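Since the structure comes first, as structure tokens, the remarks are kept for the end.
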Amino acid sequence: MVVLRPPRAVVSSAFALLLIGFASIVSLTSVIAAELIMVHSPICEWCDAWEDEVGVVYARTEQGDKAPLRRIDVDDLPSSAVSMDRPVTFTPTFLLLDGKQEVGRITGYPGESHFWYFLDELLKKPLHHGCSQPATKTARYNNETGKRLC
């Protein structure tokens, strides 16, 4: 009986593709550490203006890569699921979240150029990766997992 083996080049290139795919998945999960929540209302004219001017391109921008957008109706806002600094009283309100923790917000829609400026400023803030406090030199760690205790 003759046993055919695949050529080494085919095996090594398939392995390389597998590694590249895995590296891509790992890098994507580490890049997306924040989320932008748009709290809107169906009767909000400023929400409609934002959708027309920014919403149509947001997902294809650098900011959209850093903080993917999720839209939530103001009446459906789960206050217990998100740790907010203060309640949302106006629409649109844009909440930049790190995990469930609010990092910052933009209240209202000040126009396209101002929105991008304010969002860029929010994205410059350090993220806590789901912790309620920033990392310090004296942070405690879980000895089993090596993760920081928050």
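Please work out how much length the chain gains when fully extended from residue 113 to residue 60, using 0.36 nm per residue of separation minus the C-alpha to C-alpha distance, in nm with one decimal.
Extending this stretch completely gives an extra 17.4 nm.
What does the charge dipole of region 33-123 about its Cα centre add up to, to the nearest 20 debye, if the Cβ of each Lys and Arg holds +1 and the Cβ of each Asp and Glu holds -1? Please report the intermediate quantities before stating the final value.
On the way: 7 positive and 17 negative charges, 60 e Å.
Its charge dipole is roughly 280 debye.
Please enumerate, by chain and number, the aspartates and glutamates with C-alpha under 19 Å from the C-alpha of residue 100, excluding those fewer than 8 residues away in the same chain.
35, 65, 73, 75, 76, 85
No value in this document is a laboratory result; all are computed from the given coordinates. It should be emphasised that the depicted structure is a prediction, and the values quoted were computed from it without experimental measurement. As a convention, Cβ positions derive from the backbone with ideal geometry for all residues, glycine included, and neighbour counts pool all protein chains shown.
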